[in-house]
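Below is one structure, written out as structure tokens; comments come after it.
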Amino acid sequence: VLAVGLSIDYSAHVGHCFMLKGGDDRNNRALEALADIGAAVLSGAMSTFLAVVVLLFSKSYVFSILSKQFALTVGLGVLHGLVLLPVLLSLLGPKAFDAADKGKNDESDENDLELHVE
């Protein structure tokens, strides 16, 4: 269960960011998604890997096997999330969420704060 969660996490963030990008050009949406969330996903993967790397040199069989499994899961998960998924999304990706296209056409974002002075 833990391996599935770790490997899905990176792809879920990239895929969700892709769906929030408006427009019809899937290549551009994939690039924008990687520009927005790619560094954060890579940072999360590196911190997870660094937490496990100390166990790679353990003399305990259980810790050695568990750390190798974690390292492979993180490595393959981040490779899938940052390389394979964006390529597949740029080729076969779905349309953006309706709210993403609506937000691109509006001059002001719903999340922007406005200051009214009387």
Whenever you get a sec, compute what percent of the accessible area on the chain sits on carbon and sulfur atoms (1.4 Å probe). 65
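Relative contact order for the chain using alpha-carbon pairs under 8 Å, separation at least 6, rounded to a whole percent?
Here the relative contact order equals 42 percent.
Return the calculated 222 nm mean residue ellipticity for the chain, to the nearest 500 deg cm²/dmol, obtained by summing -39500 (n - 2.57) across DSSP H runs with n ≥ 4 and dividing by the residue count. All intermediate terms of the calculation are to be shown ahead of the outcome.
Working: 5 runs with 82 residues, N = 118.
Counting only the DSSP helices, I get -23000 deg cm²/dmol.
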Number of Lys-Lys pairs in the chain under 15 Å by Cα, sequence gap 8 or more or different chains? 5
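How much length is gained if the chain between residue 16 and residue 3 is pulled fully straight, taking 0.36 nm per residue apart and subtracting their Cα-Cα distance, in nm to one decimal?
Details: separation 13, 0.36 × 13 = 4.68 nm, distance 2.01 nm.
Extending this stretch completely gives an extra 2.7 nm.
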Net lengthening on full extension, residue 69/residue 84 (0.36 nm per residue, minus Cα-Cα): 3.3 nm
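The values are calculated or read from the model by the stated rules, or taken from the named source; none is laboratory data. This one's a predicted model, so the numbers in the text were calculated from it and none came from an experiment. Just so you know, the surface numbers come from the protein's heavy atoms only, side chains and all, with ligands and any DNA or RNA stripped out. Shrake-Rupley method; radii C 1.70, N 1.55, O 1.52, S 1.80 Å.
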